[in-house]
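A.B. asks: Before we start, here is the structure in question, set down as structure tokens.
The values are calculated or read from the model by the stated rules, or taken from the named source; none is laboratory data. For clarity, every value in this text was computed on a predicted model and none was experimentally measured. Cβ sites come from the backbone with ideal geometry, for glycine too, and all protein chains shown count toward neighbours. Only protein heavy atoms, including side chains, enter the accessible area calculation; ligands, DNA and RNA are left aside. Shrake-Rupley method; radii C 1.70, N 1.55, O 1.52, S 1.80 Å.
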Amino acid sequence: GKMSFSFLSRGIASVLGLTQTEIEKFEDISGAISRVHPNDLPQVIMTSVASARKGEPWQCQFRVKNNSDSEGYRWVLGAARPQALENGDMVWYGYLTDISQQKEFESKLDEARRTAEKASQIKSDFLSMISHELRTPLNAISGSVYSLLQENPNTSQKSALNTINFAVENLIIMINDLLDFQKIEAGKLTIEKAPFNLRNLVEQVMKGLSFHARDSKNDLQLHLSEGLDMRVNGDKTRLSQIMNNLITNALKFTHEGNVDVSIKLQDLKSGRAKVYFEVKDTGIGIAPENQTKIFNDFDQVKPTFSTKYGGTGLGLSITRKLLNLMGSTIALESEVGKGSRFFFELDLEVSDQEVQVEKPVTGSTQDFSKLHLLMAEDNDVNALVLGKIIKKWGYTFDRVGDGAQAVEILKDHQYDCILMDIQMPVMDGFEATQEIKKNIDTPVIALTAAAKLEIMEKIEECGFDGFVAKPIDAAELLKKIKEVISEKN
Ligand code: ADP
């Protein structure tokens with residue numbers, strides 16, 4: 001029950017702020033205990049008792065008074081090794097170290113970390129919010145342009161409308177980039193694993209870019225090795241995004257030159273295929289000092305470039321991160337004035353499942369000339385644009401402003417198809433659709449600006465028959481409407 005110091009080295013005086021006379025009278029442990037910060041005392045006692053019980057070394061960080069008169073404390077680290085004597089006494093040999101500076105540093109570091117985390121969170125929230133918000137006006141612009149283009153504009157009007165369309169498409173690409181970037185940052189982006197035909201996918205990507213190639217006066221060529229006409233499991237959307245990014249860049253930074261896309265099957269064994277992808281151009285090239293930089297977020301070789309070439313500086317950073325998620329790394333070889341070569345290798349699982357053949361949408365047995373639709377959309381601008389599009393198709397519709405009204409009107413009205421916004425006041429699209437599907441089997445298509453992956457699952461759960469992303473692409477929506485109606489019949 002009694003504790004005392006049997007020896008104190010002289011250095012202890014400076015750590016505890018004791019005078020020479022104080023240290024001589026310090027043997028009684030209560031003198032030491034009275035100097036410990038009250039908040040740390042329980043910790044000091046508990047650890048000492050535990051050390052005595054188990055015979056294990058003692059270690060504890062705590063605050064002690066600067067000196068007898070002051071109110072200030074300093075942080076010390078105490079460490080001691082216990083030894084049981086034959087007479088039953090316990091002796092600790094140990095030391096105290098002044099760790100005030102280290103503690104101060106730690107707390108500054110902690111604060112800096114918290115500030116950085118908060119800033120990063122704010123950035124991420126901001127990006128996510130702003131990109132979603134931008135989609136609504138973009139939706140209105142692209143929808144209005146679409147309906148104006150249907151109204152036989154004259155040549156100069158048509159050219160202006162096409163310019164607007166081009167700009168809107170670019171904006172949509174940028175917003176999608178921002179959303180992707182934000183999702184990767186938040187660790188919310190997952191890579192899908194579904195079977196697709198590798199060669200078909202590559203050819204599709206190339207076809208999609210052929211117009212762009214002609215426009216930029218470049219010769220875009222595809223070189224495929226043997227054996228790529230096979231099914232693999234992977235994320236075809238993301239793979240085409242990666243290829244699109246690289247090829248678009250190559251076309252953007254090359255003028256009247258060549259862009260060569262090569263895909264090679266390197267190895268095929270035990271159900272896995274090693275595939276090499278390369279995009280090579282004869283463009284302006286990238287200086288050695290910029291070759292790492294361009295893969296960073298928002299980095300462009302020259303910020304002024306963006307006015308000439310467009311872009312956010314996110315494409316390559318997203319490409320790099322997507323490839324990392326797929327277990328691969330992107331590499332670059334480039335020489336200023338000669339051109340660049342971006343390449344990577346994917347290790348893909350060969351699929352043994354049948355690829356689902358997309359059902360052809362034909363109106364042969366179905367009459368789609370007249371349809372009556374229900375539109376549940378709370379935003380007036382969106383409703384106006386969507387209404388114009390529907391009228392252009394020669395269809396009729398009713399509009400309601402929220403999910404509850406949709407459920408209500410369906411009690412005594414019939415429709416061929418329901419177009420359901422997701423975010424609505426009173427009752428959202430999820431709830432409304434669940435409610436509707438309890439009673440009737442009218443096809444419901446979800447319209448939403450939210451990124452696909454996040455809400456895809458919920459859409460399926462709630463019984464939707466299809467999904468169209470905002471900003472609405474009129475042709476895509478019409479195709480979807482016909483598809484879901486054919487399926488029902
Ligand atoms: P963005 O194209 O939106 O600016 P990226 O991340 O795709 O953003 O590209 C970053 C930068 O890398 C570009 O701005 C450009 O300076 C440079 N770069 C990318 N690809 C090429 C290329 N094939 N040739 C020359 N420079 C390129």
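A.B. asks: On a 1.4 Å probe surface of the protein chains, which of 270, 328 comes out largest in accessible area, and what is the full order? Write out the running numbers ahead of the final one.
C.D. replies: Working: 270 110, 328 10 Å².
Of 270, 328, the descending order of accessible area is 270, 328.
A.B. asks: Right, next: State the antiparallel share, in %, of DSSP beta bridges confined to the chain, rounding to the nearest 5. All intermediate terms of the calculation are to be shown ahead of the outcome.
C.D. replies: Working: 50 of 73 bridges.
Percentage antiparallel, nearest 5: 70.
A.B. asks: Using each residue's phi in the range 24-38, evaluate 6.51 cos²θ - 1.76 cosθ + 1.60 at θ = phi - 60° and report the 3J(HN,Hα) Karplus result to the nearest Hz, with x for Gly and Pro.
C.D. replies: 5, 8, 8, 3, 5, 5, 4, x, 6, 4, 5, 8, 7, 4, x
A.B. asks: Still on this structure: Estimate the FRET efficiency between residue 125 and residue 270 by the formula 1/(1 + (r/R0)^6), using the beta-carbon distance for r and 41 Å for R0, to the nearest 0.05.
C.D. replies: 0.35
A.B. asks: Would you mind computing, in nm to one decimal, how far apart the modelled labels at residue 24 and residue 369 are, each placed 7 Å from Cα along Cα→Cβ?
C.D. replies: 11.7
A.B. asks: Give me the percent of the accessible area of the range 387-489 that comes from carbon and sulfur atoms, probe 1.4 Å, all protein chains in place.
C.D. replies: Working: 2260 of 4970 Å².
That fraction is 45 percent.
A.B. asks: Okay, next question. Using a 7 Å offset from the Cα along the Cα-to-Cβ direction at both residue 14 and residue 223, what is the distance between the two label points in nm, to one decimal?
C.D. replies: 7.2
A.B. asks: Further, regarding this structure: When the Karplus curve 6.51 cos²θ - 1.76 cosθ + 1.60 is applied with θ = phi - 60°, which whole-Hz ³J(HN,Hα) does each residue of the range 176-182 get, with x for Gly and Pro?
C.D. replies: Residue by residue, the range 176-182 yields 4, 4, 4, 5, 4, 4, 5 Hz.
A.B. asks: For residue 343, what accessible surface area do you get with a 1.4 Å probe? Give it in Å², rounded to 10.
C.D. replies: 40
A.B. asks: Kindly work out what percent of the DSSP beta bridges joining two residues of the range 194-350 are antiparallel, to the nearest 5. Numbers along the way, then the final one.
C.D. replies: Working: 31 of 37 bridges.
DSSP beta bridges in the range 194-350 are roughly 85 percent antiparallel.
A.B. asks: Let me ask something else. How many nm is it between the label spots at residue 289 and residue 69, if each spot is 7 Å from the Cα in line with the beta carbon?
C.D. replies: 6.0
A.B. asks: Also, quick follow-up: Measuring from centroid to centroid over Cα atoms, what is the spacing of the range 137-171 and the range 453-489 in Å?
C.D. replies: 24
A.B. asks: What do you get for the angle between helix 100-149 and the principal long axis of the chain? Use alpha-carbon atoms, 0 to 90 degrees, nearest ten.
C.D. replies: Once rounded, the angle reads 10 degrees.
A.B. asks: Any idea what angle helix 474-488 forms with the longest principal axis of the chain, computed on alpha-carbon atoms, 0 to 90 degrees, nearest 10?
C.D. replies: Taking Cα atoms only, the helix is inclined about 90 degrees.
A.B. asks: With a 1.4 Å probe and all protein chains left in place, how much accessible area per residue does the range 159-234 have, in Å²? Please report the intermediate quantities before stating the final value.
C.D. replies: On the way: 4300 Å² over 76 residues.
Result: 57 Å² per residue.
A.B. asks: Once neighbouring chains are kept in place and the probe is 1.4 Å, which whole percent of the accessible area of the range 121-185 is contributed by carbon and sulfur? Walk me through the numbers before you get to the answer.
C.D. replies: Numbers: 2210 of 3650 Å².
Taking all protein chains in place, the range 121-185 shows 61 percent carbon and sulfur surface.
A.B. asks: Looking only at trypsin sites (Lys or Arg not before Pro) in DSSP loops with at most 14 other Cβ atoms within 10 Å, what is the longest site-free stretch of the chain? Before the final figure, lay out the partial values.
C.D. replies: Details: sites that count: 2, 10, 25, 188, 193, 217, 338, 370, 411.
That would be 26-187.
A.B. asks: Out of residues 5 or more away from residue 258 or on other chains, whose amide H comes under 5 Å of its own, with H placed 1.01 Å from N in the peptide plane?
C.D. replies: 219, 282
A.B. asks: Rounded to the nearest 0.05, what FRET efficiency do residue 212 and residue 106 give with R0 = 51 Å and r taken as the Cβ-Cβ distance? Could you check? List each step's numbers first, then the result.
C.D. replies: On the way: r = 54 Å, r/R0 = 1.06.
E(calc), rounded to 0.05, equals 0.40.
A.B. asks: Related question: Once you sort the root eigenvalues of the Cα gyration tensor of the range 393-489 as a ≥ b ≥ c, which label holds: rounded (a/c under 1.5), prolate (a/b larger than b/c) or oblate (the other case)?
C.D. replies: On the way: a/c = 1.34, a/b = 1.05, b/c = 1.27.
It is rounded, given that a/c, with a ≥ b ≥ c, falls under 1.5.
A.B. asks: Of the heavy-atom accessible surface of the range 13-115 (probe 1.4 angstrom), what whole percent is carbon and sulfur? Intermediate results must be reported in sequence, preceding the final value.
C.D. replies: On the way: 3600 of 6920 Å².
Accessible surface attributable to carbon and sulfur in the range 13-115 totals 52 percent.
A.B. asks: Specify the inter-centroid distance of the range 266-288 and the range 104-127, based on alpha-carbon positions, in whole Å.
C.D. replies: 39
A.B. asks: Accessible area, 1.4 Å probe, largest first: how do 75, 58 sort? Spell out each step's value before the answer.
C.D. replies: Values: 75 70, 58 35 Å².
So the residues, ranked largest to smallest area, are 75, 58.
A.B. asks: State the extension gain, in nm to one decimal, for the chain segment bounded by residue 50 and residue 413, taking 0.36 nm per residue of separation less the distance between their alpha-carbons. If you can, show how the numbers build up before the last one.
C.D. replies: Values: separation 363, 0.36 × 363 = 130.68 nm, distance 7.64 nm.
So the extension gain works out to 123.0 nm.
A.B. asks: Tell me, what is the per residue accessible area of the range 12-98 in Å², probe radius 1.4 Å?
C.D. replies: Values: 5440 Å² over 87 residues.
Dividing the accessible area of the range 12-98 by its residue count gives 63 Å².
A.B. asks: Quote the relative contact order of the chain in percent (integer), defining contacts as alpha-carbon pairs under 8 Å separated by 6+ residues. All intermediate terms of the calculation are to be shown ahead of the outcome.
C.D. replies: Numbers: 738 pairs, mean separation 48.6, N = 489.
Dividing the mean separation by the residue count of the chain yields 10 percent.
A.B. asks: Give me the accessible area per residue for the range 372-488, probe 1.4 Å, as a whole number in Å². Each step should come with its number before you reach the end.
C.D. replies: Working: 5360 Å² over 117 residues.
Normalised by residue count, the accessible surface of the range 372-488 is 46 Å².
A.B. asks: Any chance you could give the angle, 0 to 90 degrees and rounded to 10, that helix 429-439 forms with the longest Cα principal axis of the chain?
C.D. replies: 60
A.B. asks: Let's test the formula: R0 of 22 Å, r as the Cβ-Cβ distance of residue 230 and residue 456. What FRET efficiency results, to the nearest 0.05?
C.D. replies: Details: r = 27 Å, r/R0 = 1.22.
According to the calculation, E is roughly 0.25.
A.B. asks: If I stretch the segment between residue 99 and residue 5 completely, what's the gain in nm (0.36 nm per residue apart, minus their alpha carbon distance), one decimal?
C.D. replies: Details: separation 94, 0.36 × 94 = 33.84 nm, distance 2.18 nm.
Answer, rounded to one decimal: 31.7 nm.
A.B. asks: Sequence neighbours fewer than 8 away in the same chain don't count; with that in mind, list the lysines whose C-alpha is under 27 Å from residue 437.
C.D. replies: Once the sequence-local lysines are set aside, what remains near residue 437 is 359, 370, 391, 411, 452, 458, 470, 479, 480, 482, 488.
A.B. asks: First check a/c for the range 12-98, with a ≥ b ≥ c the square roots of the eigenvalues of its C-alpha gyration tensor; if it is under 1.5, answer rounded, and if not, answer prolate when a/b is larger than b/c or oblate otherwise.
C.D. replies: On the way: a/c = 2.18, a/b = 1.54, b/c = 1.41.
Taking the square roots of the gyration eigenvalues as a ≥ b ≥ c, the range 12-98 is prolate.
A.B. asks: If each DSSP helix of 4+ residues adds -39,500 (n - 2.57) and the sum is divided by the residues in the chain, what number results at 222 nm, nearest 500 deg cm²/dmol?
C.D. replies: Values: 15 runs with 218 residues, N = 489.
After summing the helix terms and dividing by the residues of the chain, the value is -14500 deg cm²/dmol.
A.B. asks: How far, in nm, would the chain grow between residue 39 and residue 191 when pulled straight, counting 0.36 nm per residue and subtracting the alpha carbon separation?
C.D. replies: Details: separation 152, 0.36 × 152 = 54.72 nm, distance 4.94 nm.
Gain in length upon complete extension: 49.8 nm.
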